[in-house]
Amino acid sequence: MNLISPIRKFYYLKRLQRNQWKGLEELRELQNKKLRKIIKFAYENIPFYHDRFREVGVKPQDIKSKRDLKKLPILTKKEIKENFEDIVNPELDLSEARVVPTSGSTGTPLKVVYDQRGDDFSKAVNLRSHIENGLNFYKKWAIMGDARTVPPQTFFQKFGIFRIQYINLFDDVEKQVQDLKKIQPDVFTGYPSQIELIAEYLNDNNDELNIETVFTTAELLDNISRSKISKNFGSDVIDLFGCIEVNRTAWECEEHMGYHMDIDSVAIEFTKNNKEVSPGEWGDIIYTTLFNYGMPLIRYDVGDRGVPSDEACKCGRGLPLMDKVLGRKGDFIKLKNGKQLSPIPFHLAVKHTKGIEEAKIIQKKKDLIIVKIIGNENYSKKTNSNIRNKVKEICGKNVDVRVHEVDEIRKDSSGKIRMVKSEISET
Ligand SMILES: [Zn+2]
């Protein structure tokens, strides 16, 4: 049995837990130290980066801190796909690495490789976000996911530590509630759209589940959905942020002042036209991983947008805050005047309108938006005009908004719901 991995994970976790209370300056220095090390490694060992650095005339010693990263070009999903072999560390034994395919919900599936240390480290980062919000090794943890990709039991789980049980994302709500009742988890993690359906089911049936903490992840969580989940589960809702390529990158604490960014694991830039945005402005999220020497990602444009904050959190953790998660840049509504609108106000306006069971907003042209809806028992013809008006209020009267009633709204193959989708490719 491989004992190294769990021991290493535990060691990383303890170090990460100490890190979070360090001051911001000390954390930035730690980040820069890790950054210089991985940049040097990538230049010397990874053919793709060696060539890329030379092309733009950058030597490893030119990258001293996160601020210097802008000297390097952005790495796109397409480039990773096309240069996969050259981005993976040539010394890495792939049979001992973890190869993770992304879901491809954005149309460009790609693979990412974690070396063993990197994999353990990223899992420890993920555990930190849960443990800091009430998960403990003896607690029962239910995760809602795709039953087809349930991982095998880990060393810890065989001994009753972090006892994870899976709820199938593709089961209907009634079955999911039955399973949750059987498991009686202390902690529950899943996509907010499905957890919200469970919350509604509990409400309609005057039923309850005693779960201490609900973690939401991988989809946009708006405030109305958050309070609905919190009320019907009787628990705090903690939203987590990240992606398959990097794993956890930011998370809320109990103060809910924003998302603590894991800057001891990843360098996060927020950019617009390759310039760092100011706190309070939205930017494209660009990641540089500091832990995965099997396949470093340097200035990777993950396709998400967020707003950085310069506020310190009340909890006292030094890990800086991202104020808001705004969604995938492909899902931003693009207007004729060049303005781009986050999906969040559309969520709030449409999903929570009286009479709506489910909805999907599709931008067909810069001046045409189609809203597909499934009504519930409160639905009336007035619902359509309500929605039309609300959407027009957000994107302006020059945009034609048409509301269609449909029988079914499909999820992505990953089970995620993208409620707002723009078919305008320009970003
Ligand atoms: Zn905090």
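Here, each number is a calculation from the coordinates, and none is a lab measurement. If you're wondering where the values come from, they're calculated on a predicted model, not measured in any experiment. Here Cβ is always computed from backbone atoms with ideal geometry, including for glycine, and neighbour counts include all displayed protein chains.
What full-extension length gain, to one decimal in nm, is calculated for Arg388 and Asn206 as 0.36 nm per residue of separation minus the Cα-Cα distance?
Computed gain between Arg388 and Asn206 is 62.2 nm.
If we sort 138-144, 402-408 on the protection proxy, mean other Cβ atoms within 10 Å, highest first, what's the order?
138-144, 402-408
Which of the lysines could a cross-linker bridge to Lys275, judged by Cα under 16 Å and excluding same-chain residues fewer than eight apart?
Hits, sequence-local ones excluded: Lys66, Lys70, Lys71.
Among Met322, Ala97, Asn203, flag the residue with its Cα farthest along the positive direction of the charge dipole of the chain, charges on Cβ as +1 for Lys/Arg and -1 for Asp/Glu.
The one lying farthest along the dipole's positive direction is Met322.
Give the lysines whose C-alpha is closer than 16 Å to that of Lys64, dropping any in the same chain fewer than 8 places away, or say none.
Within reach: Lys33, Lys34, Lys37, Lys40.
Roughly how many Å is it from the Cα centre of the stretch 6-36 to that of the stretch 324-392, as a whole number?
41 Å
Please compute P(r) over all alpha-carbon pairs of the chain, binned at 10 Å starting from zero, and give each bin as a whole-number percent.
In order of increasing distance, the bins hold 4, 20, 30, 27, 14, 4, 0 percent.
Roughly what would the spin-label model give for His352 and Lys22, points 7 Å off Cα along C-beta, in nm?
3.9 nm
Subtract the Cα-Cα distance of Arg54 and Val99 from 0.36 nm times their separation in residues, and report this length gain in nm to one decimal.
On the way: separation 45, 0.36 × 45 = 16.20 nm, distance 2.83 nm.
Length gained, Arg54 through Val99: 13.4 nm.
Evaluate the relative contact order of the stretch 268-427 (contact order divided by residue number), counting alpha-carbon pairs under 8 angstrom at least 6 apart; express in whole percent.
With pairs under 8 Å counted, the relative contact order is 17 percent.
In debye, nearest 20: dipole of the chain around its Cα centre with unit charges on the Cβ of K, R (+) and D, E (-)?
Using Cβ point charges on Lys, Arg, Asp and Glu, the chain gives about 840 debye.
Once the dipole of the chain is set up with Lys and Arg at +1 and Asp and Glu at -1 on Cβ about the Cα centre, which of Phe233, Gln61, Ile344 lies farthest towards its positive end?
Going by the charge dipole, the pick is Gln61.
FRET efficiency for Gln165 and Leu30, Cβ-Cβ distance as r, R0 = 41 Å, nearest 0.05? Don't skip to the answer; put the middle values down first.
Details: r = 36 Å, r/R0 = 0.87.
Efficiency at R0 = 41 Å is approximately 0.70.
Enumerate the amide H contacts of Thr249 below 5 Å, restricted to partners 5 or more residues apart or on another chain; note that Pro and chain-start residues carry no placed amide H.
The answer is Phe241, Gly242, Cys243.
To the nearest 0.05, what FRET efficiency results for Ser425 and Leu3 with a Förster distance of 56 Å applied to their C-beta separation?
0.70
I want to check the label-to-label distance for Lys78 and Glu377. Put each point 7 Å from Cα in the C-beta direction and report it in nm to one decimal.
5.1 nm
For Ile409 and Phe10 in the same chain, what is the full-extension length gain: residue separation times 0.36 nm, less their Cα-Cα distance, in nm?
Extra length from Ile409 to Phe10 when fully extended: 139.4 nm.
How would you rank 373-380, 129-136, highest first, on the average number of other Cβ atoms within 10 Å across their residues?
Ranked by mean Cβ neighbours within 10 Å, highest first: 129-136, 373-380.
Which order, highest average first, do 317-330, 173-186 follow once you tally other Cβ atoms within 10 Å for each residue and take the mean per peptide?
317-330, 173-186
What FRET efficiency comes out for Asn274 versus Ile362 if R0 is 45 angstrom and r is the Cβ-Cβ distance? Round to the nearest 0.05.
0.90
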